[in-house]
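Below is one structure, written out as structure tokens, with a few remarks after it.
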Amino acid sequence: MKSKLFLLTFLFGLSGTAALIYEAIWARYLKLLLGHSSYGQILTLCVFMGGIGIGSFLAGKWIRKITRPLLVYAFIEGGIGLLGLLYHTCYQWVSAQILDSGVLLGIPGWAVVAIKWAGGASITFPSAVLMGMTFPLMVTTLIRLFPTDATRWIAKMYFVNALGGVIGVLLTSYVLINLFGTIGTLLLAG
């Protein structure tokens, strides 16, 4: 039983690492789309936190109907990975539609900003929502599989996930981008 709990905790830590790699990479992409690194950071943070909140809310609403939360968790992690692998391609398409198509010509400045922000959010938000669903599913898995140990392990899981996030952002900033570049780091996280 303890080995299963340690394995789930380790995997949830890796999930946190990948999530913050994504967040760091999204900011790099979105600054190019929006034209300024601060705007890229702001949009990334808003979409990431908002998506996580919405995903957690949705998973909480549906959790009683889910009979196998660990299986759903695995599918969601797979979906996040798939979206990570497709992110660069989606970014190129959205960027071409916005910046290269001429759609922005002759429209007011506020509309240009709104279109760029909506385009950036459209490729980032689905992943963030899925990421938000992971913690409620993992908590439900713990409660159902290990009812006597669940309360102790929920806090450990959250801690390990957050620690994984710290490791992910540090690795991205100081190691991964230097070794693999932006696209390679994104693919590694996926």
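The values are calculated or read from the model by the stated rules, or taken from the named source; none is laboratory data. Remember, it's a predicted structure, so these values are computed and weren't measured experimentally. Because the Cβ atoms are built from the backbone with ideal geometry, glycine has one as well, and the counts that use them run over all protein chains shown. Surface areas here come from the heavy atoms of the whole protein model, side chains and all, with no ligands, DNA or RNA. Shrake-Rupley method; radii C 1.70, N 1.55, O 1.52, S 1.80 Å.
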Rounded to the nearest 10 degrees, what's the angle between the helix 177-189 long axis and the longest principal axis of the chain, both from Cα atoms, 0 to 90?
60
Just the number: Rg to Rh for the stretch 1-111, Cα atoms, Kirkwood Rh, two decimals.
1.08
If the cut-off is a Cα-Cα distance under 18 Å, which lysines reach residue 31, setting aside same-chain residues fewer than 8 apart in sequence?
116
Distance between the stretch 4-60 and the stretch 113-172 - C-alpha centres, whole angstrom
8
Assigning unit charges at the beta carbon (Lys, Arg +1; Asp, Glu -1) and nothing else, what dipole magnitude in debye, to the nearest 20, does the chain show about its Cα centre?
640
With every protein chain left in place, what is the accessible area of residue 157 in Å² (1.4 Å probe, nearest 10)?
0
All lysines inside 29 Å of residue 61 as judged from Cα atoms, apart from same-chain residues fewer than 8 positions distant
4, 156
Using a Förster distance of 30 Å, the FRET efficiency for residue 75-residue 32 (Cβ separation, nearest 0.05):
0.45
For 151, 9, write out the residues from largest to smallest accessible area, computed with a 1.4 angstrom probe and no ligands counted.
151, 9
So, taking all protein chains as they sit and a 1.4 Å probe, how much accessible area belongs to residue 20, in Å² rounded to tens?
40
Using only alpha carbons, build the gyration tensor for the stretch 68-190 and give me the equivalent ellipsoid semi-axes, biggest first, whole Å.
36, 18, 13
Gyration tensor (alpha-carbon) shape descriptor, the stretch 97-160, a/c threshold 1.5
prolate
Along the charge dipole of the stretch 16-174, pointing to its positive end and built from +1/-1 on Cβ of Lys, Arg, Asp and Glu, which listed residue (148, 130, 97) has its Cα farthest out?
148
The correct ranking of 110, 62, 117, 93 by accessible area at 1.4 Å, largest first, is 110, 93, 62, 117
Kindly report, to the nearest 10 Å², the accessible surface of residue 28 as traced by a 1.4 Å probe over protein heavy atoms only.
90
What do you get for the angle between helix 69-95 and the principal long axis of the chain? Use alpha-carbon atoms, 0 to 90 degrees, nearest ten.
10
Roughly how tilted is helix 109-145, in degrees to the nearest 10 and between 0 and 90, from the longest Cα axis of the chain?
10
Which residue, 169, 1, 53, has the largest displacement toward the positive end of the dipole of the chain when charges sit on each Cβ (Lys, Arg +1; Asp, Glu -1)?
1
Springs between alpha-carbon atoms under 10 Å, Gaussian network over the chain: tell me which of 112, 103, 175 tops the mean-square fluctuations.
103
